[in-house]
Amino acid sequence: MDFKLDEEQQAVVDNVRRFVREEVVPLEMGLDPDADELPHEDFKRLSDKVRAMGLYALDVPEEFGGPGLDLVTRAAMAFEMSQHRAGLYAPCYGTFGGVGLLHLFSGSEEQKKKYLEPLLRGELTSFFALTEPSGGSDPARAIETRAVQDGDEWVLNGSKLYISGADKADFGITFARTGSEKSRDNITCFIIESGWPGFHVRRVVHTMRSSHYATELQYENLRVPAANVLGEVGKGFSLASGSLLRERLPYAALSLGPAIRAQEMCIQWIKDRHVFGAPLASKQAIQWMIVDNEMDIRQARWVVLDAAQKADRGEPFRMEAAMAKLAATEAAGRVVDRAIQIHGGAGVTKDFPFERWYRELRIRRIGEGPSEVQRLIMARELIGGSFK
Amino acid sequence: MSIRMDKEWLPFTPEQVADAPGHMGVYQIADADRQLLDIGRAGGGTRFGLRGELTQALERWGDRGRYFRFEVNLGYWSRHQELLMLALHDHGHLPEGCSEEQAAQLGRISPHPGNDGAARPSSRTV
C-alpha cells in the first residue's frame with residue numbers, strides 16, 4: 001500500500017494546513033474556549049478565502065458546484081481541518097461550507113428546487129432528525145413516530161431526541177413509521193418545515209459539548225404534503241446510503257486531527273519542560289507515551305486512507321469505513337488522554353485545547369454509530385449474516 | 001431538572017457579589033420588580049468566573065440592578081443559549097442587556113405547556 005499523496009493532492013493539503021495554522025488558530029486566541037462560531041466578519045473573510053482556494057462546499061457533488069475531490073484527498077484535508085480547538089465539531093468554523101443533508105440529492109426535481117438549491121446557496125438551513133427517545137442505534141426497530149396518510153397529506157405524531165440545529169433551521173428531514181410492522185420497510189423519509197403548525201422544539205439537550213447543544217422535538221399532528229415524501233414510501237432507509245457511507249471517512253479523519261496536533265504539542269512540551277533537573281523528554285515513561293501516541297495515530301491514519309483508497313477505486317468499502325470510524329475515534333481518544341497526562345495540571349485547564357478535545361472525542365465514539373455498531377458491521381461483513 | 005433558572009434571587013450588592021464563586025456559569029440580573037435586565041455567562045476565558053462577571057455587571061447596571069442569581073455550570077455556553085431562548089419564548093423579546101445580534105442568532109424553543117421538566121430517553125425494550 002502506498003499512501004503517498006500525489007503532487008496535486010499534497011498542494012491542496014498544504015494549502016489547508018496553512019489556512020488552519022495562519023488564519024484559524026490565531027483567531028481562536030480571542031474566542032471563548034468553548035466557542036464554535038466565528039464573528040460574522042471573520043467568518044465571511046475566511047469563507048471568501050476558501051472560495052478563492054476552490055475548496056468551498058466540500059462534500060457537494062461536482063454537478064451541484066462542489067470541488068469534486070477524491071476521498072483520499074478529502075480525508076487528508078480532514079486530518080488538517082480539525083487541528084484547532086473547535087476543530088472536531090466545527091472544522092475551520094464551517095468556512096468550507098457544505099451540505100448536511102445528502103439525502104436531498106436523491107429528491108425529486110421539485111424538492112431539489114425548493115429545498116436543496118437554496119440550501120446550497122446558503123439561503124436555508126437544515127437539520128436531520130432520526131433518533132428518538134426509544135433509541136438511535138437501531139432506528140428501524142426503535143422509531144415510534146407514526147405517519148398516517150390523510151388525503152394529499154401525511155400526519156406525523158411522535159418525538160425526536162438529540163437533534164442538532166433544529167431550533168435554528170428552516171427545514172429538515174425526518175423519519176416515521178408508515179406501516180405496522182417494525183421493520184426497515186415501514187420507515188418513510190419526509191421533508192418537514194420548522195414553521196409548520198405541530199412542529200415544536202421542546203427543549204435544549206445539554207451535552208459534554210458545551211458549545212453545541214442538541215434538541216428534543218415533538219410532532220403534534222404535523223401535516224406534511226405528500227410531495228414532501230423523500231424517496232419512496234416505506235423506503236426511507238435506502239436513500240443516499242452510498243453517500244452516507246462515504247461521509248463516514250471524513251468523519252473518521254476529522255476525529256484524528258486533534259490527536260495529530262496534540263502529539264505535536266506534546267513533543268514540543270516535553271522538550272521545553274524540565275522536571276528533576278532534566279527535560280521531560282528524557283523520561284522513559286514520557287517517551288513511551290509519545291511512541292504509543294504515534295502508533296495510534298499512524299495505524300488509524302492508514303486504516304482511514306485504506307478505506308478512502310478502496311472507495312476511490314470503486315471497490316466495496318463498508319467494512320473498511322466502519323473500521324476507519326472505530327479506529328480513528330478510539331485512537332484519538334487515547335492520544336488526547338495521554339496528552340493531558342503529559343501536560344499535567346496544564347493539560348486539564350482551558351488554557352490548552354486538550355480538555356475540550358477530550359470531552360468532544362468521547363462523544364465521537366458514540367455519534368454516527370457507536371463503536372459497538374461499527375464492530376457489528378464488520379462482524380457481519382467478515383462472518384456473514386446477522387445471527388439473530 | 002427545571003429548564004428555567006429557579007435559584008433564589010439575591011440582593012445585587014458588592015458584598016453579595018463578592019461571595020459569588022469564581023467558577024464558570026450563567027447569571028441573571030433583575031430590577032426592583034424582579035423583571036429581567038440581563039442574562040449573562042462566565043465562560044472559560046473569564047477572570048474570576050461568575051464573581052468577575054458579576055462585579056463588572058454591578059458597574060454596568062448601577063442602581064437599576066437590584067437582584068441577581070446564578071448557576072455554576074460547566075456547560076455555560078449552551079445553558080446561556082437556553083436561558084436566552086426561554087426569555088424570548090416567555091416575553092417575546094430579550095432583556096435589555098442582551099444585544100440584537102444575540103437575538104438574531106438564537107434558535108426557537110417552545111417548552112411543553114405546563115411541563116417545565118424534560119422527557120427522558122425511554123429504557124423500554126423495543
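The values are calculated or read from the model by the stated rules, or taken from the named source; none is laboratory data. Bear in mind that the values here come from a model prediction, so they are computed numbers and not experimental data. Here the Cβ is made from the backbone with ideal geometry for all residues, glycine too, and neighbour counts use every protein chain on show.
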* To do: Could you look through the stretch B:1-53, keep only residues that are hydroxyl-bearing (S, T, Y) and at pLDDT 95 or above, and pick out the one that is farthest from B:H112 (Cα to Cα)?
  => B:T13
* Asked: How many residues does the stretch A:329-350 hold that are among the acidic types (D, E) and without any contact (Cβ under 8 Å) to a residue 40 or more places away in the chain?
  -> 1
* Asked: Within the group A:K160, A:K182, which residue is within 14 Å of chain B (Cβ to nearest Cβ) and at pLDDT 90 or above?
  -> A:K160
* Does the stretch B:75-103 hold any residues that are of a type in the set (G, A, S) and more than 10 Å from chain A (Cβ to nearest Cβ), and which are they? -> B:A87, B:G92, B:G97, B:S99, B:A103
* Among the numbered conditions (1) out of contact with any strand residue (DSSP E or B) (no Cβ under 6 Å at 6 or more places or on another chain); (2) more than 11 Å from chain B (Cβ to nearest Cβ); (3) touching a residue at least 40 places away in the same chain (Cβ under 8 Å), tell me where A:R141 comes up short. => (2)
* When the residues of the stretch B:48-73 are filtered to those that are touching a helix residue (DSSP H, G or I) at 6+ places or on another chain (Cβ under 9 Å) and part of a loop (DSSP other than H, G, I, E, B), which remaining residue is farthest from the other protein chains (Cβ to nearest Cβ)? -> B:G65
* Asked: For the stretch A:3-96, which fully contained helices (runs of 4 or more DSSP H) count at least 2 residues that are of a type in the set (F, W, Y) and either away from chain B (no Cβ under 14 Å) or closer than 17 Å to A:S211 by Cα (or both)?
  -> none
* Asked: A:F127 fails exactly one of the following numbered conditions: (1) assigned to a loop (DSSP other than H, G, I, E, B); (2) within 13 Å of chain B (Cβ to nearest Cβ); (3) under 30 Å from A:R51 (Cα atoms). What is the number of that condition?
  -> (1)
* Number of the condition not met by A:S238 [criteria: (1) surrounded by fewer than 23 Cβ atoms within 10 Å (Cβ to Cβ); (2) modelled with pLDDT of 95 or more; (3) not β-branched (V, I, T)] -> (2)
* With the condition kept exactly as written, say whether any residue in the stretch B:27-36 is hydrophobic (A, V, I, L, M, F, W, C), within 10 Å of B:R69 (Cβ to Cβ), surrounded by 14 or more Cβ atoms within 10 Å (Cβ to Cβ) and touching a residue at least 60 places away in the same chain (Cβ under 8 Å). => yes
* Filter result (within 13 Å of A:D170 (Cα to Cα) and surrounded by fewer than 18 Cβ atoms within 10 Å (Cβ to Cβ)) within the stretch A:115-144 -> A:P118, A:G122, A:E123, A:L124, A:T125
* Asked: With respect to B:G97, is the statement that it is touching a residue at least 40 places away in the same chain (Cβ under 8 Å), under 14 Å from the mean Cα position of the chain (by Cα) and part of a loop (DSSP other than H, G, I, E, B) true?
  -> yes
* Which residues, counting only those in the stretch A:193-221, are in contact with a Ser or Thr (Cβ under 9 Å, 6 or more places away or on another chain), touching a residue at least 60 places away in the same chain (Cβ under 8 Å) and either away from every other protein chain (no Cβ under 13 Å) or among the small types (G, A, S) (or both)? -> A:S210, A:S211
* In the stretch A:199-232, how many residues are of a type in the set (G, A, S), part of a loop (DSSP other than H, G, I, E, B) and within 24 Å of A:R184 (Cβ to Cβ)? -> 1
* To do: Assess whether A:K112 counts as being touching a Gly at 6+ places or on another chain (Cβ under 7 Å) and farther than 30 Å from A:E372 by Cα.
  => no
* To do: Working only within the stretch B:6-26, note down all residues that are surrounded by 20 or more Cβ atoms within 10 Å (Cβ to Cβ) and either part of a loop (DSSP other than H, G, I, E, B) or aromatic (F, W, Y) (or both).
  => B:F12, B:A20, B:M24
* **Any hit, the stretch B:14-28, residues being over 30 Å from A:S164 (Cβ atoms), small (G, A, S) and within 14 Å of chain A (Cβ to nearest Cβ)** => yes
* Asked: So, of the residues in the stretch A:165-179 that are within 13 Å of chain B (Cβ to nearest Cβ) and in a loop (DSSP other than H, G, I, E, B), which turns out to be nearest to A:K113 (Cα to Cα)?
  -> A:D170
